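The values are calculated or read from the model by the stated rules, or taken from the named source; none is laboratory data. For clarity, every value in this text was computed on a predicted model and none was experimentally measured. Every residue, glycine among them, receives a Cβ derived from its backbone with ideal geometry; neighbour counts consider all protein chains shown.
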Amino acid sequence: MRRVAIIGGGPAGARVAWRLAEAGLAPTLFEPRTRFEKPCGGGIPARGLDTFPFLHDPRLPARRVAQCDIIAPSGRRVAIRLAEPLLIFRRSDLHEYLLDRAVASGAALVAERVLGFSRGTAGWSLESGAGDLRRAHGPFDFLVAADGAGGFARRRLTRGVPAAELTQGLGYYLPGVDEEEVTLRFYPGLDGYLWVFPRLDHAAVGICDTLGRRPAAELRALVDRFIRERYGAAVMDRAIGYAALIPGAPPAIENATLQGDGWALVGDSGQAVDPLTREGIYFALVSADLLADAIAAGRPADYAPAWGKRMAPEFAWAARHAGRFFESTFIERLVRLTDRSPHLAGVVADLISGRQPYRTLRRRLLMAAPLVAWQAARRWSGPTVSPARDS
């Protein structure tokens, strides 16, 4: 198995192509865009930087952020210092970098949109197009769908992502707005959060909620109000809006359909997204490496079991606790105690960096409870938490 077609050149697709080319296979990557932004923060935590050292490449510019501000529904706020800063990338830079590395390693890049594909006795055949031009490609031994949760390749191979497992994300890029910290803002009844991520030359402000829980107009109104109160109404004149659907992991990851005979799904197409935080870049790259390893070893069927073994415990925990995590009572208590307990602040910082796995979080919190209670009691008579800037 040498000839592999990859539909979609985001982090997952480009990484698969890069890894397969390095292994001596012949991947062809179909991606019409050489640069594009996406409505995500673009942040990668410490565990991702350890797993993928290429993210430190000086050719890949990034913003280092060492503080995360969490704002509860009441407006209470706590600032958490990160011992291991996040690296925040422009998605356009990351996209271009990964495509360049794939091509430099020997992958073929077809800068056209895939219009259709089919499988015959000789393998997979694809048709791509740009303008009035249509071209046939193939045959290929294996097909990788990496064109996102709403991509047609996933729908053709298996089914679309169920609405209950989709998140609606929308917001703005704010050119010229400079921020020093990540902000996570929670609202009553929101099954998600509002975020502010500093980029190299702008700030990305957005909000997410489970698809269908609130009209998009209500989510947009929350973001608009936040921006006006934090930065002033004039900022909206140059704001660039965005909207997208973000996949979540299925409730039972071990039952997820990640591959079939001669094909596999990676990244957002395979719902490789944290059900709690909706973080996707790190998991897209992990899924890409696991699939590339399986294909290069001549055992593509090993991919889905390897993904389940690595991610099922974490994703299952996150899926079970997502509902409770976004409850206002929980967020208020978390912010209040984190502000008064340096030890709890360290636990939260480890969660943000990816150093603290979900599955051992409860045990760590139980062991830390006496210390957290003592620290909180000592500071209980101290100054109250300062109100958030947008409250």
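For this structure, a couple of remarks:
- Residues being in contact with a Ser or Thr (Cβ under 9 Å, 6 or more places away or on another chain), buried (at least 22 other Cβ atoms within 10 Å of the Cβ) and under 18 Å from PRO357 (Cα atoms) - total across segment 255-281: 2
- In segment 59-94, residue farthest from THR329 (Cα to Cα) [restricted to those that are crowded, with 18+ Cβ neighbours inside 10 Å and small (Gly, Ala, Ser)]: ALA62
- Among the candidates GLN356, GLN259, GLN271, the residue that is under 18 Å from the mean Cα position of the chain (by Cα) and either of a type in the set (Val, Ile, Thr) or under 23 Å from ILE6 (Cα atoms) (or both) is uniquely GLN271.
- Residue under evaluation PHE52, criteria (1) over 29 Å from TYR193 (Cα atoms); (2) surrounded by fewer than 22 Cβ atoms within 10 Å (Cβ to Cβ), criterion not met: (1)
- Screening the candidates LEU94, LEU143, LEU126 for the property of being among the aliphatic types (A, V, I, L, M), closer than 16 Å to TRP263 by Cα and either in contact with a helix residue (DSSP H, G or I) (Cβ under 8 Å, 6 or more places away or on another chain) or not assigned by TED's automatic domain parsing to the domain that holds ASP293 (or both) yields one hit, LEU143.
- Looking only at segment 28-45, and only at residues there that are more than 16 Å from the chain's Cα centre (by Cα), part of a loop (DSSP other than H, G, I, E, B) and at pLDDT 75 or above, the one that is surrounded by the fewest Cβ atoms within 10 Å (Cβ to Cβ): ARG33
- Residues of segment 153-200 that turn out to be among the hydroxyl-bearing types (Ser, Thr, Tyr) and over 25 Å from GLU31 (Cα atoms), as a count: 3
- Of the helices (runs of 4 or more DSSP H) that lie entirely inside segment 286-391, those containing 3 or more residues that are at pLDDT 85 or above, touching a strand residue (DSSP E or B) at 6+ places or on another chain (Cβ under 6 Å) and surrounded by 14 or more Cβ atoms within 10 Å (Cβ to Cβ) span 328-340, 342-353.
- Restricting attention to segment 227-246 and to residues that are among the small types (Gly, Ala, Ser) and buried (at least 18 other Cβ atoms within 10 Å of the Cβ), the residue that is farthest from ALA204 (Cα to Cα) turns out to be ALA244.
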